[in-house]
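The structure under discussion appears below in the form of structure tokens.
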Amino acid sequence: MIKIHTDGSCLGNPGAGGWAAVIVDENNHRKEIFGGEEHTTNNRMELTAAIRALEKISSGAIVELFTDSSYLKNAFTNGWLAKWKRNGWKTSTKSPVLNQDLWQELDELISTRAVKFNWVKGHAGNFFNERCDELARKAAGKFQCGLMKDSPPEKILPRGQLSLFDF
């Protein structure tokens, strides 16, 4: 079982944005990834965090994903995504689904992994949620100041012993 914790941040909405994920494998090794965009929205960053993390996970893996985004979680647990697809990417009010490009990318990744979505309350002391929030806000700040143009390299943080790993 692999656990993924995600968060997105936006300085202004829209504005400079950042995303982050902490991936913890079954051996409790931890990998942190983060990045952002110069002009985006908070919801796009929430989705991007999940996408970038799931891209690191092998097809067929069993994953538990933790997010403070109801938008992300509810699309899967409340069946929104399935309804949007059935309705030709239209909402119940017949308007186009926002962030369709990211939803389609996420849907493709989910189709080859067993993913359980969990909601966590943001800014409530959850260690991994707080860490993702910190990384996402820092990335957004760097994009806002023009200090970051491309996503930084990944950071491997071992628990116990140093081990580079692929999921």
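Bear in mind that the values in this text are calculations on the coordinates, not laboratory data. Only a predicted model underlies this, so the values are computations on that prediction, with no experimental measurement involved. Cβ sites come from the backbone with ideal geometry, for glycine too, and all protein chains shown count toward neighbours.
Please tell me which of these pairs span more than 26 angstrom C-alpha to C-alpha: LYS31/LYS138; LYS116/LYS149; LYS3/LYS73?
On the way: LYS31/LYS138 17 Å; LYS116/LYS149 32 Å; LYS3/LYS73 15 Å.
Distance filter (> 26 Å) returns LYS116/LYS149.
Can you tell me, using C-alpha contacts under 8 Å and at least 6 residues apart, the relative contact order of segment 2-157 as a whole percent? If you can, show how the numbers build up before the last one.
Details: 323 pairs, mean separation 57.6, N = 156.
Computed value for segment 2-157: 37 percent relative contact order.
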Subtracting the Cα-Cα distance from 0.36 nm times the residue separation, let me have the gained length for ASN126 to LYS90 in nm, one decimal. 9.5 nm
By the mean-Cβ-within-10 Å protection proxy, highest first, 107-115, 27-35 rank as 27-35, 107-115
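Add +1 for every Lys or Arg and -1 for every Asp or Glu among the other residues with Cβ under 12 Å from the Cβ of HIS123, and state the total.
Charge balance in the 12 Å sphere: -3.
Work out, step by step, the length gained on full extension between ASP107 and ASN78: first 0.36 nm times the residue separation, then minus their alpha carbon distance; give nm to one decimal. Numbers along the way, then the final one.
Working: separation 29, 0.36 × 29 = 10.44 nm, distance 1.44 nm.
Between ASP107 and ASN78, full extension yields an extra 9.0 nm.
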Segment 84-125-segment 17-67 distance, computed between alpha-carbon centres (Å): 14 Å
Calculated SAXS-style log₁₀ I(q)/I(0) at q = 0.20 Å⁻¹ - the chain, Debye, Cα scatterers: -1.34
